[in-house]
Amino acid sequence: MKRRLLLVGSAVGLFTTIAVGPMPAAATSCTNLKFLQLKHTTITSAEDNTTGNFTVPPPNPPIILTGLPHFCRVTATLTPTSDSTIKIEVWLPETSWNGRFLGTGGGGFQGVFTLSSYRDELSVGIMNGFATANSDLGTGSSGCNPNYCGSAGNMGNPLAMLFGDPAAPSTGLFGHPERIKDFGYRAIHLMTVRGKEIVQHFYQHNAQKAYFGGCSTGGQNALMEAQRFPEDYNGILAGDAAFNRTHLHMAGLALWQDTPTLDPLDRFKKPFIQPGQMTLINEAVLAQCVGQDGGATKDRFLTDPRDCQFDPKVLQCTGSNMPPACLLSAAQGTTMTNYYAGLFDPLTGQLIHPGYERGNETDDILVGGLAFQERLPEPIYDGVFYWVFGPSFGYPNSAINYTNFDFHKDVDKVDEALAEPLNAVSTDLSEFNELGNKLIMYHGWADTVIPSQSSINYFNALVRHDSQDDDGFQQVRFEPDGDNNLRKTQEYARLFMVPGMYHCQGGPGPNLNPIDAINSLRRWVEEGVAPETIIATKFVNDTPPAVQMTRPLCVFPKVAKWDGIGDPNIAASFACVTDEPDFNQMPAPKYGP
């Protein structure tokens with residue numbers, strides 16, 4: 001899953017005694033780190049970089065990052081078990097350290113340090129003064145990359161090849177339970193522990209504060225840290241979190257199955273949803289719903305899609321008419337209905353995972369979504385099922401495979417194997433809260449990869465847990481006399497929904513800037529000022545510095561309401577107001593929150 005820069009940090013802790021081997025006479029405080037002796041750790045390099053530039057290493061394109069401060073680059077391999085190989089990088093500003101540690105999360109199955117790892121996380125971290133760390137999440141030794149960690153091979157499909165699907169079949173982490181734990185939670189925790197020790201030795205004192213942030217898998221990393229290792233970080237930023245991972249991947253599998261099974265090349269050349277149709281559906285959604293939810297009447301996105309009741313069947317062909325004379329065939333209309341409805345157990349009718357929001361429809365296959373998924377020879381991100389069923393999952397004639405996975409009979413088999421190490425679903429953050437730590441969550445309302453409703457469901461579940469109310473809790477809102485349960489949770493955790501933002505970044509609406517979010521988190525942690533709003537920005541052609549639009553993001557459940565007079569491209573024309581009660585689509589308890 002794609003992810004953007006998310007800032008991460010870790011809580012300050014006590015360190016064990018660090019043993020240092022012989023050092024050469026010409027060594028620097030950076031190169032000396034090569035001799036650092038840390039538990040289950042091999043420092044593979046420690047180099048000063050005083051050029052201001054950094055060439056991103058393979059397998060990425062050799063892009064040169066510029067304008068960097070002088071820094072020490074440390075690479076290391078962690079081996080907490082005999083089957084673990086976790087790679088980390090720690091970048092240490094040499095003259096501009098702000099005294100803080102920043103941990104950053106991964107994307108998809110990670111497996112490699114991506115261009116985003118270097119450009120959006122490590123580089124941005126040190127440019128803002130943080131000692132910054134990132135990890136491959138321990139999956140690289142199994143040949144994984146962000147999009148694929150088990151598959152039947154790309155089958156000659158150009159789109160699958162473009163996104164890194166290898167030619168030969170692979171089984172990812174099948175037969176490697178310790179690597180599954182590394183990916184699920186251990187890699188980021190140990191990156192944090194070892195990263196802090198490296199920071200302490202380089203600067204000769206501990207980081208004053210530590211922050212963590214990530215989006216998508218990085219959001220899962222963030223919530224895992226808050227739930228399992230509350231002492232690691234003082235402040236955590238969790239975006240578009242893939243926290244309910246097993247059921248999220250099942251939803252993607254169901255979405256792929258919901259389009260007709262075609263030859264792998266036909267899926268690319270002759271997609272079920274034709275080019276341009278998603279754009280036309282989006283235009284119909286906006287025509288019916290834009291401006292009804294507090295947004296401006298000329299917006300190209302929805303402020304709160306839960307207020308939109310658009311039915312795709314109004315675009316469905318009737319009689320003998322078929323596309324392109326009309327918009328959707330009956331089969332396409334059903335697929336779009338299921339896209340919005342979510343994944344249900346076909347026998348019990350219980351919701352397994354919520355659906356996608358109206359307003360996220362796009363023909364841009366590079367941002368995920370239905371137009372992307374249905375062109376692939378098998379569902380993207382179905383690697384987790386290979387971890388359970390092995391190579392047979394890629395054989396269409398096997399008992400359980402990607403074409404016939406049964407969402408009644410087979411769900412429990414996956415959950416029994418993977419839910420514990422992968423699903424960050426605990427809503428007991430009491431220890432995290434008692435330590436004085438803070439959590440900011442955010443999610444793009446137009447997310448094409450992870451349904452936006454899932455973050456609302458997790459936040460609402462926090463409120464329910466904190467209120468100790470297990471009786472049918474469905475939604476939270478401000479009451480005239482004050483909602484004490486909501487306010488109790490908001491003392492340590494807050495959610496911001498981002499209208500018009502795709503998965504972690506992009507989309508027709510303004511985007512949350514991670515630096516702004518991390519600064520809000522720092523003020524909350526260090527000054528006690530809880531954020532009520534964060535300003536989102538859309539740049540002209542999505543490229544800084546020219547600004548096209550700003551919009552306030554309101555602390556959930558408030559929404560930004562246009563005053564009807566001011567320039568709708570300026571944040572000052574909006575006010576955060578109490579939202580009316582909205583329906584929140586929640587999974588059955590066994591599959592939630």
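The values are calculated or read from the model by the stated rules, or taken from the named source; none is laboratory data. Keep in mind that what you see is a predicted model, and the values were worked out from it rather than measured. In this analysis, Cβ positions are derived from the backbone assuming ideal geometry, glycine residues included, and neighbour counts consider all displayed protein chains. The protein model used for the area step is the full one, side chains on, heavy atoms only, and it has no ligands, DNA or RNA in it. Shrake-Rupley method; radii C 1.70, N 1.55, O 1.52, S 1.80 Å.
Things to note:
- Out of M250, M278, one residue alone is open to solvent by less than 20 Å² (accessible area, probe 1.4 Å) and either without any contact (Cβ under 8 Å) to a residue 60 or more places away in the chain or farther than 28 Å from G111 by Cβ (or both). It is M278.
- Scanning segment 299-328 for residues that are exposed (fewer than 13 other Cβ atoms within 10 Å of the Cβ), of a type in the set (S, T, N, Q) and over 16 Å from E361 (Cβ atoms) gives T318, S320, N321.
- Looking only at residues in segment 331-368 that are open to solvent by 60 Å² or more (accessible area, probe 1.4 Å) and among the aliphatic types (A, V, I, L, M), the one that is modelled with the highest pLDDT is L347.
- Qualifying residue in segment 208-222 (condition: among the aliphatic types (A, V, I, L, M) and farther than 24 Å from D364 by Cα): yes
- Matching residues in segment 125-143 - criterion: being within 18 Å of the chain's Cα centre (by Cα) and among the hydrophobic types (A, V, I, L, M, F, W, C): A133, L137
- Filter result for A287 (out of contact with any Cys (no Cβ under 9 Å at 6 or more places or on another chain), modelled with pLDDT of 95 or more and hydrophobic (A, V, I, L, M, F, W, C)): yes
- Qualifying residues in segment 260-283 (those that are charged (D, E, K, R) and within 18 Å of P324 (Cβ to Cβ)) - the one nearest to the chain's Cα centre (by Cα): E283
- Scanning segment 89-103 for residues being open to solvent by 10 Å² or more (accessible area, probe 1.4 Å) and not aromatic (F, W, Y) gives a total of 5.
- Residue in segment 210-222 that is open to solvent by less than 30 Å² (accessible area, probe 1.4 Å), closer than 27 Å to Q453 by Cα, aromatic (F, W, Y) and in contact with a Lys or Arg (Cβ under 8 Å, 6 or more places away or on another chain) present: yes
- Scanning segment 401-426 for residues that are open to solvent by less than 30 Å² (accessible area, probe 1.4 Å) and either farther than 30 Å from A222 by Cβ or among the β-branched types (V, I, T) (or both) turns up N401, V411, V414.
- Residue match in segment 111-122 (condition: among the small types (G, A, S) and surrounded by fewer than 20 Cβ atoms within 10 Å (Cβ to Cβ)): no
- V90 in a strand (DSSP E or B) and either under 22 Å from A210 (Cα atoms) or of a type in the set (D, E, K, R) (or both): yes
- Residue in segment 218-226 that is out of contact with any strand residue (DSSP E or B) (no Cβ under 7 Å at 6 or more places or on another chain), among the charged types (D, E, K, R) and closer than 20 Å to Y442 by Cβ present: no
- Residue check for Q257: under 24 Å from the mean Cα position of the chain (by Cα) and open to solvent by 30 Å² or more (accessible area, probe 1.4 Å): yes
- Cβ-Cβ distances below 7 Å connect the following pairs, each with a first residue in segment 77-95 that is without any contact (Cβ under 8 Å) to a residue 40 or more places away in the chain, a second residue that is surrounded by fewer than 18 Cβ atoms within 10 Å (Cβ to Cβ) and small (G, A, S), and a separation of six or more residues or different chains: P93/G129.
- Here N49 meets each of (1) touching a Phe, Trp or Tyr at 6+ places or on another chain (Cβ under 6 Å); (2) surrounded by fewer than 14 Cβ atoms within 10 Å (Cβ to Cβ); (3) modelled with pLDDT of 95 or more with one exception, condition (2).
- Single unsatisfied condition, V74 versus (1) buried (at least 22 other Cβ atoms within 10 Å of the Cβ); (2) at pLDDT below 95: (2)
- Every condition in (1) free of Cβ contacts under 8 Å to residues at least 12 places away in the same chain; (2) of a type in the set (A, V, I, L, M, F, W, C); (3) farther than 26 Å from E121 by Cα is met by A546 except one, and the failing one is (3).
- Any pair with Cβ under 9 angstrom, 6 or more apart, that starts in segment 38-49 at a residue that is in contact (Cβ under 8 Å) with a residue 40 or more places away in the chain and ends at one that is surrounded by fewer than 15 Cβ atoms within 10 Å (Cβ to Cβ) and among the aliphatic types (A, V, I, L, M): L38/I18; L38/A19
- In segment 419-435, the residues that are assigned to a helix (DSSP H, G or I) and basic (K, R) never reach a residue that is open to solvent by less than 10 Å² (accessible area, probe 1.4 Å) and modelled with pLDDT of 95 or more with C-beta atoms less than 9 angstrom apart, at least six apart or across chains.
- Counting only helices (runs of 4 or more DSSP H) that sit completely within segment 329-403, those holding 1 or more residues that are free of Cβ contacts under 8 Å to residues at least 40 places away in the same chain and in contact with a strand residue (DSSP E or B) (Cβ under 9 Å, 6 or more places away or on another chain) correspond to 330-341.
- Comparison of P69, P58 shows that the only residue that is modelled with pLDDT under 95 and in a loop (DSSP other than H, G, I, E, B) is P58.
- If only residues of segment 345-366 that are within 27 Å of A284 (Cα to Cα) and among the hydroxyl-bearing types (S, T, Y) are counted, the one that is nearest to the chain's Cα centre (by Cα) is Y356.
- Residue within segment 232-239 that is open to solvent by 30 Å² or more (accessible area, probe 1.4 Å) and modelled with pLDDT of 95 or more present: no
- Residue that is surrounded by the most Cβ atoms within 10 Å (Cβ to Cβ) [pool: residues in segment 557-574 that are out of contact with any Asp or Glu (no Cβ under 8 Å at 6 or more places or on another chain) and part of a helix (DSSP H, G or I)]: A571
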